[in-house]
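**Student:** The structure that follows is given in the form of structure tokens.
The values are calculated or read from the model by the stated rules, or taken from the named source; none is laboratory data. All values derive from a computational prediction rather than experimental measurement. For neighbour counting, all protein chains shown are included, and Cβ atoms are generated from backbone atoms with ideal geometry for every residue, glycine included. Side chains are part of the model used for accessible areas, which takes the heavy atoms of the whole protein and leaves out ligands, DNA and RNA. Shrake-Rupley method; radii C 1.70, N 1.55, O 1.52, S 1.80 Å.
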Amino acid sequence: MEGETKMEKAWWKESVVYQIYPRSFCDSNGDGIGDLKGIAGKLEYLKELGIDVIWLSPVYQSPNDDNGYDISDYQAIMKEFGTMDDFERMLDRAHKLGIKIMMDLVVNHTSDEHAWFVESRKSEDNPYRDYYIWRDAKEGKEPNNWGSCFGGSAWKYDEEAGQYYLHLFSPKQPDLNWDNPKVRQEVFRMMNWWCNKGIDGFRMDVISLISKVPGLPDGAVGKSGYGDFGPYCVNGPHVHEYLQEMNQEVLSKYDLITVGECSGVTVEEAKKYASSSGKELNMVFQFEHMDLDGGESFKWNHNKIRLTELKKIMSKWQTELEGKAWNSLYWCNHDQPRFLSRMGNDSPQYREVSAKMLATCLHMMQGTPYVYQGEELGMTNYPFTSLDEFRDIESINAYHELTEKGIVAPEDMFDYISYKGRDNARTPMQWDDSDQAGFTTGTPWIPVNPNYKEINAKEQMSRETSVFHYYKKLIALRKQYEIIVYGKYDLLLPDSEEIYAYMRTLGEEKLLVLCNFNEQQVEYEVPEEFAGCQGKVLIGNYRNDAAAECEIGEKIGLQPYETVVYLV
Ligand code: NOJ
């Protein structure tokens, strides 16, 4: 039958994932830092929302140079977050509620305080030396010209070792040497240990970077004065071989959900990482839509994403992976500013409608949707007024590097980190209108967004028309209608800068999804196959006649940021 997909069904395709950034989710002991007991106490909230899986950003022991993405012991829990017992209790409670737990797996690098690195730097003949990437100086300087993602050179000279080591992120995040089979075995052993504990999957941090081109050639020099490591690290020569080995040694033995964070991934590469043959991972996080507003100085600007460009990229991923690999769907995570403040409208007048519109646009696509904590409330960017409100190493380093080198003026750079900085996503979850938004009884490690009196979970749970209830409904619809999960996607109206319109098809059924990304009213000319049809409204942010039968006219007027989904 035309439009029928031959896609294999899987629970992780039918799931909705909720990302928790533990440091900012809920603090149970008043130290200002979120923790595992705090998460355990909020599982009922997540059950109510209807999500299936939690992606837990790292909870392992870490000196917190990069908030847990620098791990010093993969089999211990960060002190501020609690104990292994707390973890097990949280896992057990989640499972009892039917919620799965996907762990963050950060194995491109460790912390420099990890026992392997402490050993590795001791001497050239130390058994752990080859666990990391050590090189001699080249003509008295760094071994190559690569810059790190967090500013400065990607190499650090270590006095004790008498050599440089590679760190694509901060100097406290030395890169592991995946070409060493012992490293791979250690990682796989550790993963099996977690699987045997009963966890349900892995989100793999920058997994597309684990294999480097031998010789580590210099990269093209950018504005920062450093060379780009991208061509020599992204989707490197052995990455698929290593992931297939991981699949054989670990993943294939359990029923897991796996997603690879793959910066620099193309559609062609994604078909290998997330191929439906199941040899590597279930899906990848691609970045093409997030990078649309990037520029000369990486992401530091105040550019707006054009809707036509966004549609082009999203549609490319939707259509080209169809039947071959599986998409992940996200607008937000702990590394991105709030999408509502980026592509929606966070003014009091349009905040809720535009949050619902963005949610609909994403959740009606093919793939596994990810909700980032607070997205389900329409949380917004933080109104930064001074540099000391920032906590993130990336923003702080970038501010100093780009202003001190005279590349960007300080006022502009402040504006850019305020708009694009990762701390926007990391302000505490807004639970209620009490002090510190109910996140902590102490002083939060990062300031609470002052809009918590208006935007908080308690208020939204009690109000049927809230963003929270809308998300709940979107999630429930995905469980009710197979077409939302498996239907084929087709873009309509590619050239409109106002409307994102697409359809989904499964067998005889069709969905028409309309989203007005604009503050103005617009009129949509309905395509022939829908005009005059009897259908029903599945969901909409202005209409409350959902589920009502209706005839679709030839033209539909859309209010500012209106969205509506018809099933025919
Ligand atoms: C990607 C993570 O999402 C980000 O938060 C982190 O800083 C880098 N990888 C380094 O681990």
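**Student:** Along the charge dipole of segment 169-231, Cβ charges K/R +1 and D/E -1, which of C195, Y226, P214 sits furthest on the positive end?
**Tutor:** Value computed over the given set: C195.
**Student:** Extent of segment 195-326 along each principal axis, from alpha carbon coordinates, in Å, largest to smallest?
**Tutor:** In descending order, the Cα extents are 46, 39, 27 Å.
**Student:** Another question, then. Quick check on segment 316-360: what does the Kirkwood estimate of hydrodynamic radius come out to from the alpha carbon pairs, in Å?
**Tutor:** 12.2 Å is the Kirkwood radius here.
**Student:** Still on this structure: Under the definition of Cα pairs under 8 Å and six or more residues apart, what whole-number percent is the relative contact order of segment 487-567?
**Tutor:** Contact order relative to length: 31 percent.
**Student:** Show me the helices of the chain, taken as full DSSP H stretches, that run 30 Å or more along their long axis by Cα and average 0.0 or above in Kyte-Doolittle hydropathy.
**Tutor:** Span-like helices in the chain: none at all.
**Student:** At 1.4 Å probe size, put H302, H289 in order of accessible surface, largest to smallest.
**Tutor:** Per-residue accessible area, sorted high to low, gives H302, H289.
**Student:** May I pose another question? Is there a quick way to get the dipole size of segment 115-166? I mean about its Cα centre, with the Cβ of Lys and Arg at +1 and of Asp and Glu at -1; what is the value in debye to the nearest 20?
**Tutor:** The dipole of segment 115-166 has a size of about 180 debye.
**Student:** Which value in Å does the Kirkwood hydrodynamic radius of segment 499-559 take, with 1/r averaged over all unlike C-alpha pairs and then inverted?
**Tutor:** Here the Kirkwood hydrodynamic radius works out to 12.3 Å.
**Student:** Separate question: Could you give the semi-axes, largest first, of the ellipsoid that matches segment 10-50, computed as the square roots of 5 times the alpha carbon gyration tensor eigenvalues and rounded to whole Å?
**Tutor:** Whole-Å semi-axes of the equivalent ellipsoid: 25, 11, 6.
**Student:** How high is the relative contact order of segment 115-166, in percent, with contacts defined as C-alpha pairs under 8 Å that are six or more residues apart?
**Tutor:** That works out to 32 percent.
**Student:** While we're looking at this one, here's another question. Using helices alone, I'd like the mean residue ellipticity at 222 nm for the chain: each DSSP H run of four-plus residues gives -39500 (n - 2.57), total over residue count, nearest 500.
**Tutor:** -7500 deg cm²/dmol
**Student:** Still on this structure: Work the Kirkwood hydrodynamic radius out for segment 274-335: mean of 1/r over every pair of different alpha-carbon atoms, inverted, in Å.
**Tutor:** 13.2 Å
**Student:** Averaging over all projection directions, find the projected area of the Cα convex hull of segment 352-480 and quote it in nm² with one decimal place.
**Tutor:** 9.6 nm²
**Student:** Taking amide hydrogens as modeled 1.01 Å from N in the peptide plane, which residues meet the under 5 Å criterion relative to D158, leaving out close sequence neighbours?
**Tutor:** Distant-sequence amide H within range of D158: Q163, Y164, Y165.
**Student:** Let me ask you something else. Can you tell me the dipole magnitude for the chain around its Cα centre, using point charges on the Cβ only (Lys, Arg +1; Asp, Glu -1), in Debye to the nearest 20?
**Tutor:** Dipole magnitude for the chain comes out near 960 debye.
**Student:** So, one more: Using 0.36 nm per residue of separation minus the Cα-Cα distance, give me the extension gain between Y157 and K536 in nm, one decimal.
**Tutor:** 130.0 nm
**Student:** Using the alpha-carbon centroid of each, what span in Å lies between segment 182-230 and segment 472-542?
**Tutor:** 38 Å
**Student:** When the Debye formula is applied to the Cα atoms of segment 197-264, each taken as the same point scatterer, what base-10 log of I(q)/I(0) results at q = 0.13 Å⁻¹?
**Tutor:** Taking Cα atoms of segment 197-264 as identical point scatterers yields -0.47.
**Student:** Moving to a separate point now. State, to one decimal in nm², a quarter of the convex hull surface area for the C-alpha atoms of segment 1-132, i.e. the direction-averaged projected area.
**Tutor:** With the hull built on Cα positions only, its mean projection is 11.8 nm².
**Student:** Taking loop as defined by DSSP and a crowding limit of 11 other beta carbons within 10 Å, which GluC sites (Glu not before Pro) in segment 282-388 fit?
**Tutor:** Here the sparse-neighbourhood loop sites are E296.
**Student:** Continuing with the same structure: Set the Förster radius R0 to 41 Å, insert the Cβ-Cβ distance between D435 and E404 as r into 1/(1 + (r/R0)^6), and round the FRET efficiency to 0.05.
**Tutor:** According to the calculation, E is roughly 0.60.
**Student:** Return the long-range amide H neighbours of V371 (sequence gap of 5 or more, or a different chain), with a cut-off of under 5 Å between placed amide H atoms.
**Tutor:** For V371, the qualifying residues are V17, Y18, Q19.
**Student:** OK, next. Restricting to Cα pairs below 8 Å that are 6+ residues apart, what does the relative contact order work out to for the chain? Please round to a whole percent.
**Tutor:** Worked out over the chain, it gives 14 percent.
**Student:** Still on this model: Over segment 280-402, with a single point scatterer placed on each C-alpha, what log10 of the ratio I(q)/I(0) does the Debye formula yield at q = 0.15, 0.20, 0.23 1/Å?
**Tutor:** Reported log10 I(q)/I(0), two decimals: -0.80, -1.29, -1.49.
**Student:** Follow-up. Provide, in order from the shortest bin, the percent of all Cα-Cα pairs of segment 115-166 in each 10 Å bin, continuing until the bin that contains the maximum pair distance.
**Tutor:** 27, 50, 23, 0
**Student:** Same structure again: Given 10 °C and 1.306 mPa s, compute D for segment 74-114 with the Stokes-Einstein relation, Rh being the Kirkwood radius over Cα pairs; round to the nearest whole µm²/s.
**Tutor:** Rounded to a whole number, D works out at 133 µm²/s.
**Student:** Another one. Name the long-range amide H neighbours of D175: under 5 Å, sequence gap of 5 or more, or other chain; modelled H, no Pro or chain starts.
**Tutor:** Long-range HN contacts for D175: I133, L166, H167, L168.
**Student:** For the chain, what is the convex hull volume of the alpha-carbon atoms per residue, in Å³?
**Tutor:** It comes to 144 Å³ per residue, whole-number rounded.
**Student:** Taking every DSSP beta bridge with both residues inside the chain, roughly what % is antiparallel (nearest 5)?
**Tutor:** 60 percent
**Student:** Could you please put V353, V485 in sequence from largest to smallest accessible area, using a 1.4 Å probe?
**Tutor:** Ranked list, largest accessible area first: V353, V485.
**Student:** So how do T443, T505 rank on accessible area, 1.4 Å probe, biggest first, that is with the largest at the start?
**Tutor:** Final ranking, largest accessible area leading: T443, T505.
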